[in-house]
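Single-structure report; data block below.
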Amino acid sequence: MISFITPNIFPFFTLPLLHFFLSLLSRQTGGQGTTVPHHNNMAPRLLSCFGKRNSDSSSKNQNHANVTVDVSAEEQRRGGAVLVELFSSQGCATSPAAELLVSRLGRGDFQLEMPVIILAFHVDYWDYMGWKDPYGGSQWTVRQKAYVESLKLDTMFTPQIVVQGRTQCVGNDEEALLSSIVNAPRFPSPTFQVSTFLYIY
């Protein structure tokens, strides 16, 4: 099996491969000591066909590259999404209000200009009070603790919202939340380039 990625090397690879196939064809079709009629005329036609397809492909690739550059420039200008993380618990009396606020944010009620990615985590350190949160997990408590340490806070609490991993506020404080989102640093989304694979068996 032969595989390669770059379409531009196709003409260089085609010539020896074409002669190989034509030689096989001459043996199988004409018998021993015979050749396929118009063998010399067939190869240039096939090569010109492949060359034309490759030229069209190169043109398309060039146009696609221009589109990629334009999209990258637009993303650079606009910036990427803002990450909003809510830490709450069913054992916390004020968490429902924060979850409602985040639901409204995800629904687009505040008509923000930037896209927002929302993650909600239920911590488990309120379970000792008698009501065990079925969605709570120690891994989310560890995640919140890491934010508490990185943001140099005195204690953990719920509901808490962390915006873009850099600022935080009380989860049911609508004004503080929207202000944090609007002023959050934004980073352009990564761009990907896909190459064409050609497999010959």
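The values are calculated or read from the model by the stated rules, or taken from the named source; none is laboratory data. Source: prediction; values computed, not measured. Note that each Cβ is placed from the backbone with ideal geometry, even for glycine, and that neighbours are counted across all protein chains shown.
On inspection, Lys132 does not qualify as at pLDDT 95 or above and over 24 Å from Gly106 (Cα atoms).
Taking strands (runs of 3 or more DSSP E) as the structural unit, those lying wholly within segment 112-201 and holding at least 3 residues that are within 25 Å of the chain's Cα centre (by Cα) and surrounded by fewer than 17 Cβ atoms within 10 Å (Cβ to Cβ) correspond to 116-122. When Glu149, Glu174 are screened for being without any contact (Cβ under 8 Å) to a residue 24 or more places away in the chain and either acidic (Asp, Glu) or not assigned by TED's automatic domain parsing to the domain that holds Asp124 (or both), only Glu149 passes. Which of the numbered conditions does Ala93 fail, given that it passes all the others? Conditions: (1) loosely packed, with under 13 Cβ neighbours inside 10 Å; (2) part of a loop (DSSP other than H, G, I, E, B); (3) at pLDDT 95 or above. Only one criterion is unmet by Ala93, namely (3). Scanning segment 96-128 for residues that are of a type in the set (A, V, I, L, M) and under 17 Å from Gly171 (Cα atoms) turns up Ala97, Ala98, Leu100, Leu101, Val102, Leu105, Val116, Ile117, Ile118, Leu119, Ala120, Val123.
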